[in-house]
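The values are calculated or read from the model by the stated rules, or taken from the named source; none is laboratory data. In this text the structure is predicted, and so the values were computed from the model without any measurement. Cβ placement follows ideal geometry from the backbone for every residue including glycine, while neighbour counts extend to all protein chains displayed. Quick note on the areas: whole protein, heavy atoms, side chains included, nothing else; ligands and nucleic acids left out. Shrake-Rupley method; radii C 1.70, N 1.55, O 1.52, S 1.80 Å.
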Amino acid sequence: MEGAELAGKILSTWLTLVLGLILLPSAFGVSLGISEIYMKILVKTLEWATIRIEKGVPKKSGLKNAASGGIIQRDESPMEKGLSGLRGRDFELSDVFYFSKKGLEAIVEDEVTQRFSSEELVSWNLLTRTNINFQYISLRLTLVWVLGVIIRYCVLLPLRITLAFIGISLLVLGTTLVGQLPDSSLKNWLSEMVHLTCCRICVRALSGTIHYHNKQYRPQKGGICVANHTSPIDVLILTTDGCYAMVGQVHGGLMGIIQRAMVKACPHIWFERSEIKDRLLVTKRLQEHIADKKKLPILIFPEGTCINNTSVMMFKKGSFEIGGTIHPVAIKYNPQFGDAFWNSSKYSMVNYLLRMMTSWAIVCDVWYMPPMTREEGEDAVQFANRVKSAIAVQGGLTELPWDGGLKRAKVKDTFKEEQQKNYSKMIVGNGSFNLESD
């Protein structure tokens, strides 16, 4: 009995601390300063660890080279510039070396597939999963790492699991109850409060620190919010500062329960797998939504898959064909505190969430950008590329023309043929790149 009483006291004390110091403040969007103190201590610790590593690693293997993000050192100059020296003279056998080098570079490490794996760090952040080039530095650094493992798994993980469970449970319960009310402004307001409150709790479960910029450009009702996509928690990050109508595929399991509860209280747009392939039906439902200026802005990730926080890949044109005002948003995570990228081909959702909850924290910046509309004479593809470029520039991301679907699919033959034509034009000197004008 004494053991049961002791366990009960410990549990009640734990829940009281969670409720009073974390849950209630996060629900109302208030900070008691605990997160700020934690982040300051964490920053100082990582700075100290970086100095220790720099002292312990030989200069010839410097940190910069270890974190270049590449296996090979490649010549970044355009191929057109390299070919300029081969034109205007007869062919020589040595000319094939240039093409062979470019081909081997593409085989060893192309610029597409590396976007589907976690980015490299400039310095180790005391997480085992990011310690790719580990070598023993010092006993003191090793002890700090061991202490970090104990803190992350024995203190932070139980706390974060508790907050996540409470946040998800309140979301399902709250949206289910609000969904029973008749359609009215009161129902809409309660739905927004439930979504905001629960998402804030879930973000706090990840020790999330979010910096929002240009709040005057926050997406408005009746518009479409498009953002680059790094992680499933992108939705939580954005919903912490405002509510959105989400678009996505119907899922089963726990995700399906959450979806069914949420759609009762808010006009989210969930599609069956068969409906997603029907572009006309999808477009019609989205157009009906944005036609009602009282409905929440639609949140869409046009890349269609998660990219590793370094780049923005091709935006699908479907989101830009339905009309309406586009509200671009750029999201950039700080990988020094935790890797937010979800490699869905390598980790399951449960495994991914465990990795997130055992990271130091999730720190990111969100930039709201001025609304954009389709210009006269501009087709959907051009509009999508213009929005993508603006997001890439604002977030400091690399802009790539490739389709994110290459994570799981092969390159289409038509795209191969297009690249072959461009390649042949460069060889014969008839490409669009004009070296003489430079």
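Here Gly377 fits the description: more than 28 Å from Tyr98 (Cβ to Cβ), modelled with pLDDT of 70 or more and more than 29 Å from the chain's Cα centre (by Cα).
A quick yes/no check of all residues on (1) among the hydrophobic types (A, V, I, L, M, F, W, C); (2) farther than 23 Å from Asn385 by Cα:
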position: Met246; (1), (2): yes, no
position: Val250; (1), (2): yes, yes
position: Gly256; (1), (2): no, yes
position: Ala261; (1), (2): yes, yes
position: Arg285; (1), (2): no, yes
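Ala265 falls short on exactly one of the conditions (1) under 22 Å from the mean Cα position of the chain (by Cα); (2) surrounded by 21 or more Cβ atoms within 10 Å (Cβ to Cβ), and that condition is (1). Does at least one position in the stretch 262-283 carry a residue that is under 23 Å from Thr176 (Cα atoms) and among the polar types (S, T, N, Q)? There is no residue in the stretch 262-283 that is under 23 Å from Thr176 (Cα atoms) and among the polar types (S, T, N, Q). Regarding Ile161, is this residue among the β-branched types (Val, Ile, Thr) and open to solvent by less than 70 Å² (accessible area, probe 1.4 Å)? Criteria not met by Ile161.
Annotation note: Cβ proximity below 7 Å between a residue of the stretch 135-160 that is closer than 12 Å to Met357 by Cα and a residue that is in a helix (DSSP H, G or I) (sequence gap 6+ or interchain) occurs for Leu157/Met357; Leu159/Val18; Arg160/Met357. Residues of the stretch 191-201 that are over 17 Å from Leu32 (Cα atoms) and open to solvent by 20 Å² or more (accessible area, probe 1.4 Å): Glu192, Met193, Val194, Leu196.
For the stretch 362-379, filtering for residues that are of a type outside the set (Val, Ile, Thr), surrounded by fewer than 19 Cβ atoms within 10 Å (Cβ to Cβ) and touching a Ser or Thr at 6+ places or on another chain (Cβ under 9 Å) leaves 2.
Evaluation of Gln180 against the conditions (1) in a loop (DSSP other than H, G, I, E, B); (2) crowded, with 16+ Cβ neighbours inside 10 Å shows that the sole unmet condition is (2).
Val350 meets the conditions (1) within 20 Å of Thr305 (Cα to Cα); (2) at pLDDT 90 or above; (3) under 18 Å from the mean Cα position of the chain (by Cα) in every case but one. The failed one is (2). Those residues that are under 15 Å from the mean Cα position of the chain (by Cα) and hydrophobic (A, V, I, L, M, F, W, C), I need them from the stretch 291-313; list them, please. Listed by number, the residues that qualify are Leu299, Ile300, Phe301, Cys306, Ile307, Val312, Met313.
Among the criteria (1) among the basic types (Lys, Arg); (2) assigned to a loop (DSSP other than H, G, I, E, B); (3) under 27 Å from His289 (Cβ atoms), the one Lys346 does not fulfil is (3).
Restricting attention to the stretch 304-346, the residues that are of a type outside the set (Val, Ile, Thr) and more than 15 Å from Thr113 (Cα to Cα) add up to 22. For Leu296, the stated conditions do not hold, so it cannot be described as modelled with pLDDT of 85 or more, open to solvent by 30 Å² or more (accessible area, probe 1.4 Å) and closer than 28 Å to Ser389 by Cβ.
Taken as a whole, the stretch 219-232 holds at least one residue that is over 29 Å from Ser169 (Cα atoms) and more than 18 Å from the chain's Cα centre (by Cα). Here the condition is being exposed (fewer than 11 other Cβ atoms within 10 Å of the Cβ), within 30 Å of Cys198 (Cβ to Cβ) and at pLDDT below 75; of Ile107, Ile10, Ile72, it holds for Ile10 alone. For first residues located in the stretch 194-218 and under 14 Å from Leu171 (Cβ atoms), partners that are open to solvent by 60 Å² or more (accessible area, probe 1.4 Å) and not basic (Lys, Arg) and lie 6+ apart or on another chain with Cβ distances below 6 Å form the pairs Cys198/Leu170.
Restricting attention to the stretch 203-248, the residues being of a type in the set (Asp, Glu) and open to solvent by less than 10 Å² (accessible area, probe 1.4 Å) number 1.
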